[in-house]
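Below is one structure; the comments refer to it alone.
The values are calculated or read from the model by the stated rules, or taken from the named source; none is laboratory data. All values derive from a computational prediction rather than experimental measurement. Every residue, glycine as well, gets a Cβ built from its backbone with ideal geometry; the counts of neighbours run over all protein chains shown.
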């Protein structure tokens with residue numbers, strides 16, 4: 001079997017190699033999907049490349065590919081036997097009713113047949129809304145580019161999404177965060193067998209949990225952290241957010257201590273690491289950069305102790321992001337400061353967390369008496 005070629009980066013930007021490599025992997029996936037789609041969509045691919053974030057580009061292409069596969073395998077809208085054979089004329093004949101049937105009927109529940117099994121796939125309104133958005137962008141572009149003669153998107157059925165409710169936001173209370181950190185420190189929730197592994201990773205795990213609940217980092221932001229991301233002399237560290245935004249974050253004393261403890265007393269020595277892991281901050285027991293899946297499982301495992309549930313039902317890193325937001329607001333920080341820290345595009349997102357102040361109406365009224373009791 002031929003050996004897989006090692007990919008190296010000739011990086012002249014300020015961004016770390018691991019982030020450049022990750023983006024390269026996503027670009028390669030996009031290019032692979034594009035190679036399977038009809039050639040008349042080429043200008044649409046160029047549009048996505050320059051108009052939307054890389055992750056959005058991949059999501060749109062995946063949805064378009066799925067729709068084209070549906071056209072070939074499930075409908076009489078094309079005689080093509082392969083996705084590439086679909087023509088612009090085929091797309092010109094597609095009506096809003098056809099798209100509505102795809103989204104509202106087929107996508108809600110469909111089956112994927114494998115060699116020895118059948119997988120039933122279900123999509124709820126949020127997933128359906130994304131597919132509708134992807135196809136709306138595609139059909140509007142094809143109309144604008146005069147590939148098709150009509151803009152059929154006005155006929156797409158609306159998809160009702162539930163309005164976000166503050167009370168439905170899952171997060172840990174402040175006292176639960178304290179118990180979470182105790183669980184990481186003591187390992188008392190583990191079996192004797194599990195403690196063997198916990199002893200090897202407890203400093204790493206503590207640093208991960210603290211970064212999540214202090215800064216509300218996204219999972220990808222934490223997973224991409226390097227040792228070189230931190231400048232302790234200046235008291236700051238660098239993260240790369242959505243749309244390649246580069247942000248400097250201040251390091252508080254607690255986080256500085258736990259990160260230094262992990263680096264100095266637990267993280268494998270640089271001489272024992274392969275080149276692509278030498279700068280990675282959080283490493284697995286296999287001395288590789290931790291994957292997003294491994295970090296997610298770690299967080300779910302520890303939070304399940306606090307919640308009294310199974311690891312599968314523990315909280316995800318995104319719920320620790322919500323925990324950081326509500327905790328900061330409960331401590332009296334402005335929603336605009338929290339918005340800036342968490343990188344929310346819209347302050348209304350941050351306001352959802354502000355609504356978590358318990359019994360706020362009761363406290364206002366209680367402390368606003370017009371007549372003193374005698």
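Kindly indicate which of 228, 220 is in contact with a strand residue (DSSP E or B) (Cβ under 9 Å, 6 or more places away or on another chain), crowded, with 16+ Cβ neighbours inside 10 Å and part of a helix (DSSP H, G or I).
Every option except 220 fails the conditions.
From the set of residues in region 231-242 that are under 21 Å from the mean Cα position of the chain (by Cα) and not in a strand (DSSP E or B), which is farthest from residue 15 (Cα to Cα)?
Here the answer is 242.
Within region 91-196, which helices (runs of 4 or more DSSP H) (wholly inside it) include 3 or more residues that are touching a helix residue (DSSP H, G or I) at 6+ places or on another chain (Cβ under 6 Å) and outside the structural domain of residue 255 (by TED's automatic domain parsing)? Break it down into steps so the answer makes sense when it comes.
Values: elements: 96-101, 125-144, 174-186.
Ranges flagged: 125-144.
In region 243-258, which residues are in contact with a helix residue (DSSP H, G or I) (Cβ under 9 Å, 6 or more places away or on another chain), farther than 12 Å from residue 19 by Cβ and in a helix (DSSP H, G or I)?
243, 254, 255, 258
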